[in-house]
Amino acid sequence: MDGLEMKKTTARRAAAVAILGLFLALGAFGCTAKTETKKVTEKRPAATSLIVATTTSTADTGLLDYLLPIFDKKYNIKTKPIAVGTGEAIAMGQRGEADVLLVHARAKEDKFMADGFGSLRKDVMYNDFLIIGPAGDPAGIKGLSPDRAFAAIAAAQAPFVTRGDNSGTYTKELSIWTKTALTPAGDWYVNVGQGMGEATKIANEKQAYILIDRGTFLSLQKSISLGILVEGQKDLFNPYGVIIVNKAKFAKVNEVDAKKFVDWITLPEVQKLIGKFGKAKYGQALFTPSAATGNPK
């Protein structure tokens with residue numbers, strides 16, 4: 001073989017080696033890419049879902065929209081809040097249709113636990129109820145105790161809007177009527193069967209009195225003309241609790257993520273978020289955190 005032929009052979013061998021090396025490199029890259037893709041997939045598993053049955057006030061105030069995305073992102077959970085009022089939220093828990101409850105009717109919460117429907121309950125926060133009404137205050141209730149205010153409204157037969165929906169607010173309203181020894185009835189007592197936000201809008205249209213939680217009032221005050229007439233009294237405290245539905249009664253309950261939610265919402269840093277909520281927009285917080293101190297009785 002002459003020198004020229006040897007050079008050609010050497011060149012062909014070099015080219016073949018280079019091509020082989022390229023294929024090997026591409027193969028290695030493909031394997032690496034598949035491995036990395038697999039790692040990413042394994043690192044972030046599919047999100048699980050958590051059903052939170054709660055009162056309309058946590059939705060109407062915007063608290064759920066504020067808190068839940070933070071929780072969902074941290075734990076890769078798809079929280080499904082159902083704001084139906086405390087009575088129906090507790091009923092959902094009794095039917096095993098929710099994983100966790102965020103509600104505000106302590107007597108009902110305690111019975112729920114005593115009956116074995118809940119496995120864990122913790123205090124979360126509180127605010128207070130208000131009696132609001134038209135600026136002219138036709139029943140003259142400003143500054144009275146809640147029961148005397150209700151009695152004066154009944155005596156004047158001034159329009160009063162009641163939610164009538166077995167909610168925590170309605171439960172509180174009934175407890176006040178019980179103290180008056182009166183049974184409200186008549187055209188002046190308007191039962192709307194609506195959540196707090198809608199009921200308040202109806203009361204505003206009718207220029208009627210209504211019992212409302214402070215958080216919802218603050219979130220609506222710019223859109224209504226009703227003002228605060230009775231506030232700051234012990235009978236008007238409004239405590240909230242969080243409850244895990246008992247998996248021993250309902251096997252489908254997502255107890256693992258429910259426990260994460262309860263632990264998370266009672267963390268000091270999350271309690272601080274609750275304590276700040278509303279301050280920038282309304283000049284005061286809509287709720288007071290209480291996981292560490294307990295709710296007022």
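Within segment 216-246, the residues that satisfy the criterion of being touching a Gly at 6+ places or on another chain (Cβ under 7 Å) and either more than 18 Å from residue 150 (Cβ to Cβ) or acidic (Asp, Glu) (or both) are 216, 218, 219, 220, 243, 244, 245, 246. Taking the criterion of being over 17 Å from residue 66 (Cβ atoms), among the small types (Gly, Ala, Ser) and without any contact (Cβ under 8 Å) to a residue 60 or more places away in the chain, the only residue of segment 246-282 that qualifies is 251.
Given 112, 129, which one is touching an Asp or Glu at 6+ places or on another chain (Cβ under 7 Å) and either of a type in the set (A, V, I, L, M, F, W, C) or assigned to a strand (DSSP E or B) (or both)?
129
Of the residues making up segment 257-291, just one is in contact with a strand residue (DSSP E or B) (Cβ under 8 Å, 6 or more places away or on another chain) and exposed (fewer than 15 other Cβ atoms within 10 Å of the Cβ), namely 272. The set of residues in segment 89-107 that are assigned to a helix (DSSP H, G or I) and β-branched (Val, Ile, Thr) contains only 90. Taking the conditions exactly as written (modelled with pLDDT under 50, out of contact with any Asp or Glu (no Cβ under 6 Å at 6 or more places or on another chain) and surrounded by 10 or more Cβ atoms within 10 Å (Cβ to Cβ)), does residue 67 satisfy them or not? Answer is no for this residue. Would you call residue 202 of a type in the set (Val, Ile, Thr), free of Cβ contacts under 8 Å to residues at least 60 places away in the same chain and surrounded by fewer than 20 Cβ atoms within 10 Å (Cβ to Cβ)? Considered against the rule, which asks whether it is of a type in the set (Val, Ile, Thr), free of Cβ contacts under 8 Å to residues at least 60 places away in the same chain and surrounded by fewer than 20 Cβ atoms within 10 Å (Cβ to Cβ), residue 202 comes out as yes.
Screening the candidates 202, 212, 244 for the property of being farther than 25 Å from residue 140 by Cβ and not charged (D, E, K, R) yields one hit, 244.
The combined condition, being in contact with a helix residue (DSSP H, G or I) (Cβ under 8 Å, 6 or more places away or on another chain) and part of a loop (DSSP other than H, G, I, E, B), is fulfilled by residue 182. With respect to the conditions (1) in contact with a Lys or Arg (Cβ under 7 Å, 6 or more places away or on another chain); (2) among the small types (Gly, Ala, Ser); (3) in the same structural domain as residue 268 (by TED's automatic domain parsing), residue 118 lacks only one, and its number is (1). How many residues does segment 213-243 hold that are surrounded by fewer than 22 Cβ atoms within 10 Å (Cβ to Cβ), among the hydrophobic types (A, V, I, L, M, F, W, C) and either assigned to a strand (DSSP E or B) or in contact with a His (Cβ under 8 Å, 6 or more places away or on another chain) (or both)? Number satisfying all stated conditions: 3. Which of the residues spanning segment 132-176 are part of a helix (DSSP H, G or I) and either small (Gly, Ala, Ser) or over 32 Å from the mean Cα position of the chain (by Cα) (or both)? The answer is 148, 149, 151, 152, 153, 154, 155, 156, 168, 175. Of the helices (runs of 4 or more DSSP H) lying entirely inside segment 252-291, those containing at least 1 residues that are among the small types (Gly, Ala, Ser) and more than 14 Å from the chain's Cα centre (by Cα) span 268-276, 279-282.
The values are calculated or read from the model by the stated rules, or taken from the named source; none is laboratory data. This one's a predicted model, so the numbers in the text were calculated from it and none came from an experiment. Because the Cβ atoms are built from the backbone with ideal geometry, glycine has one as well, and the counts that use them run over all protein chains shown.
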